[in-house]
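S.K.: Have a look at this one.
We did not get these values from a lab; they are worked out from the coordinates using the rules stated. What you see is a predicted model, and the numbers here were worked out from it, not measured in a lab. Glycine gets a Cβ as well: all are built from the backbone with ideal geometry, and neighbour counts include every protein chain shown.
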Amino acid sequence: MMVKRKIPLITTALILLCICFSGCKSDSRSNTDDQGSSGSTLISAVSGEITLNGSSISAGSGVSADGTTATITKAGTYEITGSLEDGQILVDASGEVTIILNNADITCSTSSPIYVKEAKKVVITLADGSVNSIIDGSSYDLAEAVTEPDAALYSKADMVINGTGSLTVTANYNDGITGKDTLLIESGAITVSAVNHGIKGKDYLMINGGNIIVTSGGDGMKATNDTEASLGYVEINGGTIGITANDEGISAVTSVTITDGLIAIDTSNNGVKSDGLIDIQGGTVEIQAGDDGLICNEQNISDAASVTVNGEIISAT
C-alpha cells in the first residue's frame, strides 16, 4: 500500500493528548505478568542506595563505587539520586536487578550512562514525581572491534521500564534505548532524542502504556531479531506515542501489532514497516510519511482502529 499525497503535518495535539497513562492491556504474544505492571508501581525493599555527587559516587551494599563508576554486583533493588557529571552506572550481576531513578541525572562522555552488562533481568523504575535524565557523548571509548554498548541506556538482559516519573534520554553517539534481548515499556513519561535509532529491542519491543516521544535520525522504534520466526516483533497495547524519524517510524522483522493507543508518526521514509505482518486491531494511528505509510507482506486493519496516512483514511481489511 502506497500513499503519496502530502498534507500539512500531523497536529501536535495528537502527541500531547492523554498524558495520563493508560492501564496495561492483556498481551497476546507473551506473558508479561512477571515483568512489571503499568498500574501502581510495586517497589520491593531497597537493597542499596547510590548517591551521585557530581564528580563522585557514594554507595551502599551490593555496589562497588570507583571514582565516577558505580557497579551493581548483586541482585536487588537500588535507588539512584543526584547528578553525575561524567560517569556510569554499570550492572554486572547474576540475578534480577531493579534500578529506581529518583531525580537522577547521569552524563557519560565516553560510554553508556547506564550499561547493563550482565543480569537475569533489569527493571528501570521511574519514581513517582521524579524527573530523570541520561546523556551520552558523541564518541565512545571502545576497544578495537568492540561495538557495544552503543546506546545511552543499553541492556544485554531483558529490560522493563515502568513507574510514573519521567525520563529524558539524549543520545549523541548512536541509539537512545536498546534492549539486546526483550524490551518492555509499561509506563512513564519517556522522551528520547537520538542521532540514530530511538528505542530498539531485539527479540521484541512491547509497549503497554506511557507517554513516549521519540525524535530520531534513524528509525523511531524497532525490533531486530531476524533469526527466530516467533521473535523480532513490535507490539503496542496502549499509551500515547509521538515519533519524528528520519527513517522508518516503526520497523520490525516479523510483525507490528497495535491493539490500542494513540500513535502519531512523522517520517521522511515509511511510517510503519514489517517484513511480515502489520496488524492494527485498535487504537488511533496517524502517519505523515515521505514514502509509504504502511509497508509489509500482509496487512490487517480492524474496523475498530482509526488509521490515516497523509490525511487519507485507510479502510479496514
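S.K.: Quick check: convex hull of the Cα atoms in the range 63-154, volume per residue, rounded to a whole Å³? Walk me through the numbers on the way to the answer.
M.R.: Working: hull volume 8.4 nm³, N = 92.
Residue-normalised Cα hull volume stands at 91 Å³.
S.K.: So, one more: I want the local charge near SER58. Using Cβ-Cβ distances under 14 Å, sum +1 for each Lys or Arg and -1 for each Asp or Glu among the other residues.
M.R.: Summing Lys and Arg as +1 and Asp and Glu as -1 gives -3.
S.K.: Taking H as built 1.01 Å from N, whose amide H comes closer than 5 Å to the amide H of THR191, not counting residues under 5 places away?
M.R.: Amide H neighbours of THR191: LEU167, THR168, VAL169, ILE213.
S.K.: Assign unit charges at the C-beta atoms only (+1 for Lys and Arg, -1 for Asp and Glu), then state the dipole size of the chain relative to its Cα centre in Debye, rounded to the nearest 20.
M.R.: Values: 15 positive and 39 negative charges, 80 e Å.
Here the chain has a charge dipole of around 380 debye.
S.K.: Based on the alpha-carbon set only, what is the convex hull volume of the chain divided per residue, in Å³?
M.R.: Each residue corresponds to 121 Å³ of Cα convex hull volume.
S.K.: Would you please classify the overall shape of the range 209-283 from the alpha carbon gyration tensor, given that a ≥ b ≥ c denote the square roots of the eigenvalues, rounded means a/c under 1.5, and beyond that prolate means a/b larger than b/c while oblate covers the rest?
M.R.: Note, shape of the range 209-283 comes out oblate.
S.K.: Whole-Hz Karplus ³J(HN,Hα) for the range 273-289, in order, using 6.51 cos²θ - 1.76 cosθ + 1.60 and θ = phi - 60°, x for Gly and Pro?
M.R.: Whole-Hz 3J(HN,Hα) from phi for the range 273-289: 10, 9, 6, x, 9, 10, 10, 10, 8, x, x, 10, 10, 10, 10, 10, 10.
S.K.: Ranked by Cβ crowding within 10 angstrom, fewest neighbours first, how are LYS156, LYS222, LYS273, LYS74 ordered?
M.R.: Fewest-to-most ranking of LYS156, LYS222, LYS273, LYS74: LYS74, LYS156, LYS273, LYS222.
S.K.: Now a separate question. Any idea what log10 I(q)/I(0) is at q = 0.13, 0.17, 0.20 Å⁻¹ for the range 157-284, Debye with uniform C-alpha scatterers and no solvent?
M.R.: Taken in order of the listed q values, log10 I(q)/I(0) reads -0.43, -0.77, -1.11.
S.K.: Let me ask something else. So what's the convex hull volume per residue for the Cα atoms of the range 130-206, in Å³?
M.R.: Here the figure is 84 Å³ per residue.
S.K.: Shifting gears a bit: If Lys and Arg each add +1 and Asp and Glu each add -1, what is the summed charge of the other residues whose beta carbon sits under 14 Å from the beta carbon of THR227?
M.R.: That works out to -3.
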